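> The structure is given below, and queries will be raised subsequently.
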Amino acid sequence: MRELRIGATRLCATRSCVVALAISISVAGAVSAQMPSAGRAAPREEVSSVRITPESARLTNYLRDLAGPPAILGIVGGGLLQHLRQRDGTDDLGERIASRAAQQAVQVSVRHGLAAVMHRDGNSHYQACECHGLAPRVGHALLETFTDRRSDGSRALAVPRIAGAYAGGFARLAWEHDRSPGSVAANATVSLGMTALFNVARELTGLGR
């Protein structure tokens, strides 16, 4: 009975994250749809206030996201955390770290590859809002999570970032046969939701500045 209650609680939490993520994406998509598209000239004030990654910097950004200090820290830290959660003693720390490194490679490669093909910014650095007030800052944090910049500075749904997150998760099915596609999709969705919450927190606390 205890296992059933725990399972039900986890399922409920996952569903809540999925619903919250869907709402956030819908909000971001609605707002981005109101932004100037690639076919129309964006207002000079908006374009001049954002930082668009130059084409020449794509390789540098890719290598940084693939094997930079933050990426290495996330890979090792995440692998160690998963290792500590495994209580039966059969888990191998090296395999956990290698698995997360492979997932990171797929995720970053898909994200940057699609960003280049779609002429998107592809910059993973969070850009803080210069606005004031709770609602504008929360809205900006969600936009930074679920949208990215076109070459003209306008926003669009962050297809490269979202596709990369799911591609990295599903890639692990190739060597982690105990995982199911459903659990992988749920974990990727929760990860995106946690990123949104983190961006909201960093915006409200001023850490993104």
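> Quick one: in the range 150-163, which of the residues that are touching a strand residue (DSSP E or B) at 6+ places or on another chain (Cβ under 7 Å) and closer than 14 Å to residue 114 by Cβ is surrounded by the fewest Cβ atoms within 10 Å (Cβ to Cβ)?
Per the criteria, the residue is 157.
> While we're here: Of the residues 172, 179, only one is in contact with a helix residue (DSSP H, G or I) (Cβ under 9 Å, 6 or more places away or on another chain), more than 18 Å from residue 124 (Cα to Cα) and in contact (Cβ under 8 Å) with a residue 24 or more places away in the chain; which?
172
> Residue by residue through the range 121-136, note down the ones that are crowded, with 21+ Cβ neighbours inside 10 Å and in contact with a helix residue (DSSP H, G or I) (Cβ under 6 Å, 6 or more places away or on another chain). Write out each step before concluding.
Let us first name the residues in the range 121-136 that are crowded, with 21+ Cβ neighbours inside 10 Å, namely 121-122.
The one that is crowded, with 21+ Cβ neighbours inside 10 Å and in contact with a helix residue (DSSP H, G or I) (Cβ under 6 Å, 6 or more places away or on another chain): 122.
> Could you identify the single residue in 87, 96, 58, 40 that is modelled with pLDDT under 60, farther than 17 Å from residue 157 by Cβ and basic (Lys, Arg)?
Testing whether each residue is modelled with pLDDT under 60, farther than 17 Å from residue 157 by Cβ and basic (Lys, Arg) leaves just 40.
> Can you pull out the residues in the range 189-209 that are within 12 Å of the chain's Cα centre (by Cα), over 17 Å from residue 124 (Cα atoms) and hydrophobic (A, V, I, L, M, F, W, C)?
Once the filter is applied, which keeps residues that are within 12 Å of the chain's Cα centre (by Cα), over 17 Å from residue 124 (Cα atoms) and hydrophobic (A, V, I, L, M, F, W, C), the range 189-209 yields only 190.
The values are calculated or read from the model by the stated rules, or taken from the named source; none is laboratory data. For clarity, every value in this text was computed on a predicted model and none was experimentally measured. Because the Cβ atoms are built from the backbone with ideal geometry, glycine has one as well, and the counts that use them run over all protein chains shown.
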